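One structure is given below, encoded as structure tokens.
The values are calculated or read from the model by the stated rules, or taken from the named source; none is laboratory data. All figures in this text were calculated on a predicted structure; none of them were measured in a lab. Every residue, glycine among them, receives a Cβ derived from its backbone with ideal geometry; neighbour counts consider all protein chains shown.
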Amino acid sequence: MARKQRGEEGGDTWLNTYADMVTLLLTFFVVMLSMSIIEQERFDAVVKSITRGSDTTVDMPGYAPSEVEIPDDGYSMETLYQIIRDYVEENQMESAISVSRQDELVYIRFSSTLLFEPDRYNLLRDSLPLLRFIGEVLKLYEDKIKTINIMGHTAQTGRINTDVSDWRLSGERAATVAMFFEDTSGFDKRKMITLGYGDNYPIADNATEAGRSLNRRVELVIVGVESWTSFDVYDMLGGFHDSSPEGSSETTTPVPETQ
């Protein structure tokens, strides 16, 4: 009986192994592809929802629907107040947000714990739906608004922390809210005034944690165009920079501009 040549038996075994490996790789890529596919309709809706001025809304994690219903009596500071107040009540946020109105002024007070972490000025993700909604309302009523005054406040803690300045932190928080309104709703930045008051204007006793919690806040004063009130520093100065004593012949030397 003739002996089989070496390598003659099972010579195609490596082909089977190779074919199995290729099959597994193809299966892996198919699975990865199926996980990465997004419904085209949903993708288009997401794109529209983040496009400024779009009426399309999509429920996304951490975000609330952004449709704003205008009451039958139309656009006014009273309806602006009603819309924001109703939103706060429907979402049961009364313990962290207060909304009030007096004539052509709408006042909103936020607890800073709703918007920021301690000693930080970056907005918390959970606060974005609320601020996005308010920003869209402000944009709708932009023609009715003279100014929006955004004021940051901190609390006196008695501790010494050289890394955190009450002045800087309160101002940065106010500026962060203003930047969010400008970036997400396109509200006119020239109508927004940011002020950082530090810990100088407490509304509760700083001796207790409950009082300090109330003092850490961000306030919005929305001034209607028909209001006589103005928080605009340049407006309050009037013609101060342009006026000079009557009959004065005093001249001034131009001062080089600085950045």
Quiz item: So, in segment 121-171, of the ones that are more than 21 Å from V106 (Cα to Cα) and of a type in the set (D, E), which residue ends up surrounded by the most Cβ atoms within 10 Å (Cβ to Cβ)?
Solution: D166
Quiz item: For segment 108-154, how many residues meet the condition of being more than 21 Å from K189 (Cβ to Cβ) and among the hydroxyl-bearing types (S, T, Y)?
Solution: 4
Self-check item: Count of residues meeting criterion [assigned to a strand (DSSP E or B) and not small (G, A, S)] in segment 184-218
Solution: 6
Quiz item: Among the residues of segment 155-170, how many are within 16 Å of T113 (Cα to Cα) and not in a loop (DSSP other than H, G, I, E, B)?
Solution: 3
Quiz item: Is it true that some residue in segment 162-177 is at pLDDT 95 or above and more than 15 Å from L195 (Cβ to Cβ)?
Solution: no
Quiz prompt | Flag for F181 being under 21 Å from R101 (Cβ atoms), at pLDDT 95 or above and part of a loop (DSSP other than H, G, I, E, B) | solution = no
Exercise. Name every residue in segment 96-113 that is of a type outside the set (G, A, S) and touching a helix residue (DSSP H, G or I) at 6+ places or on another chain (Cβ under 6 Å), in order of residue number.
Key: I97, V99, R101, E104, V106
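Conditions (1) surrounded by 10 or more Cβ atoms within 10 Å (Cβ to Cβ); (2) modelled with pLDDT of 65 or more; (3) of a type in the set (S, T, Y); (4) over 24 Å from S100 (Cα atoms), marked per residue:
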| position | (1), (2), (3), (4) |
| --- | --- |
| G211 | yes, yes, no, no |
| V221 | yes, yes, no, no |
| G224 | yes, yes, no, no |
| L237 | yes, no, no, yes |
| V255 | no, no, no, yes |
Self-check item: Checking D188 against (1) at pLDDT 90 or above; (2) more than 24 Å from D119 (Cα to Cα); (3) of a type in the set (D, E); (4) touching a Ser or Thr at 6+ places or on another chain (Cβ under 7 Å), the condition it does not meet
Solution: (4)
Quiz item: Restricting the first residue to segment 87-115 and requiring it to be among the acidic types (D, E), which pairs with a second residue that is in a loop (DSSP other than H, G, I, E, B) meet a Cβ separation below 6 Å and a spacing of at least six or different chains?
Solution: E104/E226; E104/S227
